[in-house]
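Q: Supplied in structure tokens, the structure appears directly below.
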Amino acid sequence: ALVYAGIFYPPKSVITHILAAMARVRNRLPAQLRPQLHYFGRHEKHVREEALRLGVADDVICHGVVPRKEVFRALKGACLAPVITSVEPEANLIDRGIVTGKIFEVLNLKTPILLVAPRGSDARLVVEKSNAGAAFTGDDIDGIAEFIYRACKGEVYFTFEGRDEWAWPNLIKKLDAYLREVLERHWGDNVRL
């Protein structure tokens, strides 16, 4: 199962590319290994319409809005957790800086991440440095499809060995040091830290 939880921000954040990749994988695997997407969130209409248009409606299950505990259980049992920051291959500085909270949730659950994000994005850096998944641009449907195919066959493994760098206590230490440096640079000795 692939589990996607959250909302979409069309046109940059849509499920279309994941479903298109699933359509390419669909007939390459026996029925029991065929990928299914479980969607948790309020954009069921978007997910259902795209699944129908791409011919994978039978492989998509929409669960609606449910308690977070249920979503985390589903994510923990998934073979992949798709995360989409933007389907654009290139992006401006703001879009490259998007690191959705979903990434940190999935890191904690140790579920491999299928990230769709622009080249040079901070989200890619987190996933790659954590050894937690693979990143693709939205126009790389073949690459996404191959990754899904390998995951469904049980051939995808990540160590998550770098995930501690992104744990909240470690992030807070880095941010605290950075903020102190900026305050001291700006205010000098007039700041009590």
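The values are calculated or read from the model by the stated rules, or taken from the named source; none is laboratory data. Since this is a predicted model, take the numbers as computed values, not measurements. So basically every Cβ, Gly included, is an ideal-geometry build from the backbone, and we count neighbours across all protein chains shown. We work out accessible area using only protein heavy atoms, side chains counted, and drop any ligands, DNA or RNA first. Shrake-Rupley method; radii C 1.70, N 1.55, O 1.52, S 1.80 Å.
Q: Given Val56, Tyr178, Val14, which one lies farthest toward the positive end of the charge dipole of the chain, if we put +1 on the Cβ of every Lys and Arg and -1 on the Cβ of every Asp and Glu?
A: The Cα lying farthest towards the positive end belongs to Val56.
Q: Using +1 on the beta carbon of Lys and Arg, -1 on that of Asp and Glu, and nothing else charged, what's the dipole of the range 1-84 about the Cα centre, debye to 20?
A: The dipole magnitude comes to about 180 debye.
Q: Expressed as a rounded percentage, what relative contact order does the chain have, with Cα pairs under 8 Å and six or more residues apart?
A: 21
Q: While we're here: Considering only protein heavy atoms, what per residue accessible area in square angstrom results for the chain with a 1.4 angstrom probe?
A: On a per-residue basis, 55 Å².
Q: Which of Pro67, Pro112, Pro35 moves most in a GNM of the chain, Cα contacts under 10 Å?
A: So, out of Pro67, Pro112, Pro35, the one fluctuating most is Pro67.
Q: Just the accessible area for Lys174, please: 1.4 Å probe, Å², rounded to the nearest 10?
A: Rounded to the nearest 10, the figure is 100 Å².
Q: Which Cα, out of Ala117, Asn92, Pro82, lies furthest along the positive dipole direction of the chain (beta carbon charges, K/R +1, D/E -1)?
A: It is Pro82.
Q: Return the single residue from Val156, Val116, Val47 with maximal mean-square fluctuation; model: Gaussian network over the chain, springs between Cα atoms under 10 Å.
A: Looking only at Val156, Val116, Val47, the biggest GNM fluctuation is shown by Val156.
Q: Moving on. Nothing charged except the Cβ atoms of Lys and Arg (+1) and of Asp and Glu (-1): what's the magnitude of the dipole of the chain about its Cα centre? Round to the nearest 20 debye.
A: Dipole of the chain, to the nearest 20 debye: 500 debye.
Q: Choose one answer from Asp139, Asp58, Asp122: the residue with the largest mean-square fluctuation in a GNM of the chain with alpha-carbon springs under 10 Å.
A: Result for the chain, Cα springs under 10 Å: Asp58 fluctuates most.
Q: Based on DSSP, what percent of beta bridges with both residues in the chain are antiparallel, to the nearest 5?
A: For the chain, the DSSP antiparallel bridge percentage is about 5.
Q: Right, another one. With charges only on Cβ, +1 for K and R and -1 for D and E, what is the dipole size of the range 62-152 about its Cα centre, in debye, rounded to 20?
A: I would put it at about 580 debye.
Q: Three principal axis extents, largest first, for the C-alpha atoms of the chain, in Å?
A: Reported extents, whole Å, longest axis first: 67, 32, 32.
Q: For the range 1-104, how big is the tail of P(r) above 22 Å, as a whole percent of Cα pairs?
A: When every Cα pair of the range 1-104 is considered, 30 percent fall beyond 22 Å.
Q: Please give the calculated 222 nm ellipticity per residue for the chain, where each DSSP H segment of at least 4 residues contributes -39500 (n - 2.57) and the sum is spread over every residue; nearest 500 deg cm²/dmol?
A: After summing the helix terms and dividing by the residues of the chain, the value is -13000 deg cm²/dmol.
Q: Please report the carbon-and-sulfur percent of the accessible area for the chain; probe 1.4 Å, protein heavy atoms only, DNA, RNA and ligands left out.
A: Answer for the chain: carbon and sulfur cover 53 percent of the accessible area.
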